[in-house]
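Only one structure is covered here, and it is reproduced in the block below.
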Amino acid sequence: MKKKPTGERRVARRRAFHALALSTIFAAGGVAEARAQNQPAHTLTGNIRTHSKFQSKHLAAARDVIVYLPPGYDSERRRRYPVFYMHDGQNLFDGATSFIPGQEWRVDETAERLIRARQIEPVIVVGIYNAGSQRVDEYTPVRDERHKAGGRADAYGRMIVEELKPFIDAQYRTLRGASDTALGGSSLGGLVSLHLGLRHPNVFGKLAVVSPSVWWAERAILSEVAALRKKPALRVWVDTGTDESEEAAPDARRLRDALVAEGWREGLDLKYFEAEGAKHNEAAWAERVEPILRFLFPPKKQ
């Protein structure tokens, strides 16, 4: 029979997981150099457009934006489409650009299949590349003094709301209302998705909060949810893997419970899911893209 870890051991394990998560993020530059020497094959599927070096007045770093267009976009000229904005855009569609070479979310393959089968509403997916070493600061709502980083999420949100979304709405035939606009990401990307959704419910009406880093800054996101004066009209997906870290699933449950306490209802505007045996990586998140798309973009009744 396994002995349960002591309190000291639990703290040590939690700190080790947080340190590993942050060191993995900051190692992105080295991975990029290695990839340049041994370029994996591209894995893009469908109608893909790229906008290079999108510059914001709110953030120092320019970043690429990659756009997936649904089947029929070029032929159905009068049709407009909902939009799903997703963080860590280099990991969504292409194994050649993903953080771990060859491991991507397969959002393009999954969306293409579900749309062609009429199992979800045709949707435009906008992948926003992260800014490498600035990812931690941009994806976190407040500074974490223990890690000496964070707190630029609102500036990142202004880039999306004030600059990128108007650009996408001008370039493509979009449905512009909040009920047709989703935001999502994993890890710190899940954290920033929830924060920005709560800050801008008039812009984003659907959220994919995947394996969120609830632990950031002593679980400040739970206080943010509890401080809501009024429940916004948000449809929220929250998930975690059971093999991510010792605290990941309990933290995700705390977040689910905080949302329920503010009025969200499981099975209606909240979906909570635990992926048995799933780890904290792109391969695990790729397995959840289909249920996420089905929840956020169910086919409209004819």
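The values are calculated or read from the model by the stated rules, or taken from the named source; none is laboratory data. These numbers were taken from a predicted model, which means no experiment stands behind them. With ideal geometry, Cβ positions are generated from the backbone for all residues, glycine too; neighbour counts draw on all protein chains shown. The area values use the complete protein model at the heavy-atom level, side chains included, leaving out ligands, DNA and RNA. Shrake-Rupley method; radii C 1.70, N 1.55, O 1.52, S 1.80 Å.
One table, with the values for the structure above:
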{"read-out": "Residues satisfying the stated conditions in region 169-189, i.e. within 14 Å of residue 216 (Cβ to Cβ) and without any contact (Cβ under 8 Å) to a residue 24 or more places away in the chain", "value": "none"}
{"read-out": "Cross-chain or 6+ apart pairs with Cβ under 7 Å, region 143-157 first and in contact (Cβ under 8 Å) with a residue 40 or more places away in the chain, then in a loop (DSSP other than H, G, I, E, B) and hydrophobic (A, V, I, L, M, F, W, C)", "value": "150/142; 155/59; 156/59"}
{"read-out": "Selection from region 229-243 of residues that are open to solvent by less than 40 Å² (accessible area, probe 1.4 Å) and closer than 20 Å to residue 262 by Cβ", "value": "232, 234, 236, 237, 238, 239, 240"}
{"read-out": "Conditions (1) touching a helix residue (DSSP H, G or I) at 6+ places or on another chain (Cβ under 7 Å); (2) more than 26 Å from residue 83 (Cβ to Cβ); (3) of a type in the set (D, E, K, R): number failed by residue 290", "value": "(2)"}
{"read-out": "Number of the condition not met by residue 179 [criteria: (1) surrounded by fewer than 24 Cβ atoms within 10 Å (Cβ to Cβ); (2) of a type in the set (Ser, Thr, Tyr); (3) touching a helix residue (DSSP H, G or I) at 6+ places or on another chain (Cβ under 7 Å)]", "value": "(3)"}
{"read-out": "Some residue of region 244-256 being in contact with a Gly (Cβ under 7 Å, 6 or more places away or on another chain) and surrounded by fewer than 21 Cβ atoms within 10 Å (Cβ to Cβ)", "value": "no"}
{"read-out": "Selection count where residues are under 20 Å from residue 91 (Cβ atoms), among the polar types (S, T, N, Q) and over 8 Å from the mean Cα position of the chain (by Cα), scope region 181-213", "value": "2"}
{"read-out": "Search result, residues across region 219-228 that are in contact (Cβ under 8 Å) with a residue 40 or more places away in the chain and open to solvent by 30 Å² or more (accessible area, probe 1.4 Å)", "value": "220, 224"}
{"read-out": "Residues located in region 120-153, provided they are farther than 30 Å from residue 295 by Cβ, basic (Lys, Arg) and not in a loop (DSSP other than H, G, I, E, B)", "value": "143"}
{"read-out": "Criterion violated by residue 263 - all others in (1) out of contact with any helix residue (DSSP H, G or I) (no Cβ under 7 Å at 6 or more places or on another chain); (2) closer than 19 Å to residue 185 by Cβ; (3) open to solvent by less than 40 Å² (accessible area, probe 1.4 Å) satisfied", "value": "(2)"}
{"read-out": "Residues of region 267-289 that turn out to be closer than 19 Å to residue 183 by Cα and open to solvent by 50 Å² or more (accessible area, probe 1.4 Å), as a count", "value": "4"}
{"read-out": "Identity of the residue in region 89-118, assigned to a loop (DSSP other than H, G, I, E, B) and of a type in the set (A, V, I, L, M), that ends up modelled with the lowest pLDDT", "value": "100"}
{"read-out": "Residue match in region 156-176 (condition: modelled with pLDDT of 95 or more, in a strand (DSSP E or B) and surrounded by fewer than 23 Cβ atoms within 10 Å (Cβ to Cβ))", "value": "yes"}
